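To start, the structure itself, in structure tokens.
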Amino acid sequence: MPFPQTLYKYDSESLTFEFDFGNLLNDGESISSEDSATSAVDQGSSTTGLSLGATAIYGAGVQLTISAGTADVTYRVRCKVVTSSGNRPVVVGYLKVLGV
């Protein structure tokens with residue numbers, strides 16, 4: 001299982017991030033659907049949560065548009081999919097929001 005990666009965005013930005021499931025899929029297995037995407041504060045104190053927008057399956061990954069958030073807060077973002085074999089792998093990443 002891969003180690004979680006920390007990504008960055010400014011509080012005023014709306015950006016699309018990709019969650020890569022490639023190393024969690026068996027040979028011949030593909031992503032059938034995105035099951036859920038959630039976020040929670042990991043470090044800091046948040047007055048504004050992240051806004052998780054549209055998702056799109058892209059090969060062995062899921063693209064997720066994220067906006068909002070509080071500057072100087074790190075959020076834990078979790079994405080779960082359903083595969084063609086019925087598995088439900090989860091990828092977790094961290095997003096540090098920067099102030100402008």
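Here are the numbers for this structure:
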quantity: Any hit, the stretch 73-86, residues being in contact with a Gly (Cβ under 6 Å, 6 or more places away or on another chain), in a strand (DSSP E or B) and over 15 Å from T6 (Cα atoms); calculated: no
quantity: Check on A54, over 16 Å from the mean Cα position of the chain (by Cα) and among the small types (G, A, S); calculated: no
quantity: The stretch 90-100: number of residues that are surrounded by fewer than 18 Cβ atoms within 10 Å (Cβ to Cβ) and either in contact (Cβ under 8 Å) with a residue 40 or more places away in the chain or touching a Leu at 6+ places or on another chain (Cβ under 6 Å) (or both); calculated: 6
quantity: Test: residue in the stretch 77-86 that is more than 11 Å from F21 (Cβ to Cβ), touching a residue at least 40 places away in the same chain (Cβ under 8 Å), surrounded by 19 or more Cβ atoms within 10 Å (Cβ to Cβ) and not polar (S, T, N, Q); calculated: yes
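Laboratory data are not the source of any read-out in this text; all were calculated from the coordinates shown. Just so it is clear, the model here is predicted, and its values are computed rather than measured. A quick note on method: Cβ atoms are made from the backbone with ideal geometry, for glycine too, and the neighbour counts reach across all protein chains shown.
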